[in-house]
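Step one of this worksheet: look at the structure below.
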RNA sequence: GGGCAGUUACCCAAGUGGCCAAAGGGGACUGACUGUAAAUCAGUUGUCAGAAGACUUCGGAGGUUCGAAUCCUUCACUGCCCA
């Protein structure tokens, strides 16, 4: 791959919110790549992760995909665990202050986090470091010196702070430390390239670069990846909005969730999550536009590609077949949870016991709405004794084999 | 430290003594339509009861009243202004 092709790939799916900034970063990236080629030294690339949760979803993997692209091009990638920054809680992606985690919890989370991350990254080529390594050594004086590089106005200009200020919501002082700490990470690792989401724009472009410059280093190049919308296609994928595609919930589930993503979000999913490069993606989009490729089939291809990143190719293929059978041909899926019927148990009782509804009222409502079927027959009376063993379907996608 | 305002269901938000299980919106769920897409239409959304109805809920605790989300006291939390 020549330099321009590398740049095209590495800038795929980036989002700077400002053309000039993007141009500047592209130019600096080019400069670095040329430099690296001449010196014969790989670029030092990192992305930081706060192990605040352990259930990773597709949104978490975007920056990992980007790191992987650097890895595949032979660069030196560090997976930085924000053991110390997690203690503060990043204000960037929330409009509320985050609860502070304990050190034990952070260590515990880090383990499951990296294990999942290595489905995207190359484990052999990845360095893992913890930012507590250097942040724990900073003294109050050091912190004050770091703080001298920034003004309060710069912080207040950030979207999430400005919003909260306007809405009259609290902004805690310690939240402003976060950017300083992250900027110092870049200094401590003598970073060439830092990868992060648009929510990290300030932390990367302002804090990291400024501190490096102040401390006599060449300011890093920020690769700012776009935000992945959730399965609703609109809001950012996040656990609290409930629109996530978890990476650990099985191939069938992943495939199905990806198929439920609106068409409008396909482009960004392809750019941010798949292993495909710019040419492949453009071809798919062109064929869909011209009507040669049915959007549904394009989405299936995408869902298959993504599923096979996290599971084996065979599992991905099986998930696709299962999807076609269940939803396109309306047959029952080959795998579903099982339930042992107790004598005398009512229909509502079974739904409740199998946790297909949260309360009796909800279960009754589902039955009233004709949302409950047994072997394809709509069940009318919830209080009746469960008629006979069979496949119970609640809503469109929940199945239960009652024995 | 002082003054003022606020805290309502998953979220936003109306409600200022009975007609309040609590308007409206969002979200979620179900059905129709479909490509399990989007859009659209109809419905559901505290718990229990087959219906009538009963019970628990409006930041926490206590009180006034026949009756409180609404009034009083107190505590906690948040914001704004002043220092």
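Data for the structure
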read-out: Cross-chain or 6+ apart pairs with Cβ under 8 Å, the stretch A:378-402 first and on the phi > 0 side of the Ramachandran plot, then within 11 Å of RNA strand B (Cβ to nearest atom); value: A:395/A:366; A:395/A:371
read-out: Residue in the stretch A:40-49 that is at negative phi and surrounded by fewer than 18 Cβ atoms within 10 Å (Cβ to Cβ) present; value: yes
read-out: Hits in the stretch A:210-228 - residues which are within 21 Å of residue A:14 (Cα to Cα) and surrounded by 21 or more Cβ atoms within 10 Å (Cβ to Cβ); value: A:220, A:221, A:222, A:223, A:224, A:225, A:228
read-out: Any hit, the stretch A:269-278, residues being within 30 Å of residue A:185 (Cα to Cα), out of contact with any strand residue (DSSP E or B) (no Cβ under 7 Å at 6 or more places or on another chain) and within 12 Å of RNA strand B (Cβ to nearest atom); value: yes
read-out: Answer residue from the stretch A:322-365, given it is over 29 Å from the mean Cα position of the chain (by Cα) and on the phi > 0 side of the Ramachandran plot and is nearest to RNA strand B (Cβ to nearest atom) among those; value: A:330
read-out: Positions within the stretch A:170-185 being more than 16 Å from RNA strand B (Cβ to nearest atom) and free of Cβ contacts under 8 Å to residues at least 60 places away in the same chain, in sequence order; value: A:179, A:180, A:183, A:184
read-out: Helices (runs of 4 or more DSSP H) (entirely within the stretch A:1-119) containing at least 2 residues that are at pLDDT below 85; value: A:85-88, A:103-117
read-out: Qualifying position, being surrounded by 12 or more Cβ atoms within 10 Å (Cβ to Cβ), more than 26 Å from the chain's Cα centre (by Cα), within 16 Å of RNA strand B (Cβ to nearest atom) and in a helix (DSSP H, G or I), among A:146, A:165; value: A:165
read-out: Test: residue A:272 is buried (at least 19 other Cβ atoms within 10 Å of the Cβ) and free of Cβ contacts under 8 Å to residues at least 60 places away in the same chain; value: no
read-out: Pairs, first under 20 Å from residue A:266 (Cβ atoms) and within 12 Å of RNA strand B (Cβ to nearest atom) in the stretch A:232-248, second at pLDDT below 85 and not in a loop (DSSP other than H, G, I, E, B), C-beta under 7 Å, six or more apart; value: A:235/A:241
read-out: The one condition in (1) surrounded by fewer than 16 Cβ atoms within 10 Å (Cβ to Cβ); (2) closer than 26 Å to residue A:57 by Cα; (3) over 23 Å from the mean Cα position of the chain (by Cα); (4) within 14 Å of RNA strand B (Cβ to nearest atom) that residue A:263 fails to fulfil; value: (3)
read-out: Check on residue A:378, more than 13 Å from residue A:402 (Cβ to Cβ) and near RNA strand B (Cβ under 8 Å from one of its atoms); value: no
read-out: Given (1) farther than 19 Å from residue A:237 by Cα; (2) touching a helix residue (DSSP H, G or I) at 6+ places or on another chain (Cβ under 7 Å), number of the condition residue A:19 does not satisfy; value: (2)
read-out: Residues located in the stretch A:1-18, provided they are more than 15 Å from residue A:222 (Cβ to Cβ) and either in contact with a strand residue (DSSP E or B) (Cβ under 6 Å, 6 or more places away or on another chain) or surrounded by fewer than 14 Cβ atoms within 10 Å (Cβ to Cβ) (or both); value: A:1, A:2, A:3, A:4, A:5
read-out: Members of the stretch A:172-204 that are surrounded by fewer than 19 Cβ atoms within 10 Å (Cβ to Cβ) and outside any helix (DSSP H, G or I); value: A:172, A:190
read-out: Qualifying residue in the stretch A:306-321 (condition: on the phi < 0 side of the Ramachandran plot, away from RNA strand B (no atom under 11 Å from the Cβ), free of Cβ contacts under 8 Å to residues at least 12 places away in the same chain and buried (at least 18 other Cβ atoms within 10 Å of the Cβ)); value: yes
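The values are calculated or read from the model by the stated rules, or taken from the named source; none is laboratory data. Computed from a predicted structure; not experimentally measured. Neighbour counts run over all protein chains shown; Cβ positions are idealised from the backbone, glycine included.
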